[in-house]
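Quick note: the coordinates plus some simple rules give every number you see, no bench work behind them. Please read these numbers as outputs of a predicted model, since none were measured by experiment. A quick note on method: Cβ atoms are made from the backbone with ideal geometry, for glycine too, and the neighbour counts reach across all protein chains shown.
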Amino acid sequence: MNKKALVVEDDKNIAELLRLYLEKDGFDVVIAGDGGRGEQLAEDEHPDIVLLDIMLPVKDGWEVCRGIRQHSKVPIIMLTAKGETYDKINGLEMGADDYITKPFDVKELIARVHAVMRRTDGADAGGEKKLTFDKLVINLDSYELIVDGKRIDTPPKEMELLYHLASTPNRVYTRNQLLDEVWGFDYFGDSRTVDVHIKRLREKLEGVSDQWSLKTVWGVGYKFEVVTQ
């Protein structure tokens, strides 16, 4: 069965170009011309990946991304005509998996589609993926983060980053290592992506326990530090 892609794009020329290349690559393609329709199709069609423009009528891409994340972990690639860091960070904070700035090379976008989907498929493989610490449960099987007994809404990539760090406590990872191992070696972003996700995780985790913490190792990277008895 073919994978299904949802394209949420109000520029008909871009939408049809994406349809052409995605269908050539073996995808079934569904197109929405506004954000409201896009969010509804994401729920009805159960796509395997969403290509989501930011500047949309009815609902903008950020609002659509936030709405999709309430019921789905489907990979989302944001499409934006703006190159400002703010737009990229905003999309990542709302749960997007990647972003690409217009005008883009369609072959590069298709490569990103495959990279994101490989990471998602890989996250579903293997045995139980659940880590437990003092007042903290990281369950990658259900993508649930339990902090001090409360379930905390957490975007998929934040969950994967935290799980990766906590899987090897006290090991220091550079930003590039985390990009390679969490986002994938063929990720096209930059190291600020890691910083954004760490910042968001800290807002959820700081001060919860004195047994562990998310630490910055200045000049190197990050680690999930566990106090040894």
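General remarks:
- The loop-placed GluC sites (Glu not before Pro) in region 134-229, going by DSSP, that have at most 16 neighbouring Cβ atoms within 10 Å of their Cβ come out as Glu206.
- Computed on the Cα atoms alone, the convex hull of region 131-229 gives a volume of 98 cubic angstrom per residue.
- Point-charge dipole on Cβ atoms (K/R +1, D/E -1) for the chain, about Cα centre, debye to 20: 560 debye
- Options Pro75, Ser167, His114, ranked by Cα towards positive dipole end of the chain, top entry (Cβ charges): Ser167
- Max mean-square fluctuation residue, GNM over the chain, Cα-Cα springs under 10 Å, options Gly149, Gly36, Gly219: Gly219
- Whole-Hz Karplus values for region 164-172 come out as 4, 5, 6, 5, 10, x, 6, 7, 8 Hz, taken residue by residue from phi with 6.51 cos²θ - 1.76 cosθ + 1.60 and θ = phi - 60°; glycine and proline positions read x.
- Full extension of the chain segment joining Ser191 with Val147 gains 13.2 nm, where the gain is 0.36 nm per residue of separation less the Cα-Cα distance.
- Reported value for the chain: 126 Å³ per residue, from the convex hull of its C-alpha atoms.
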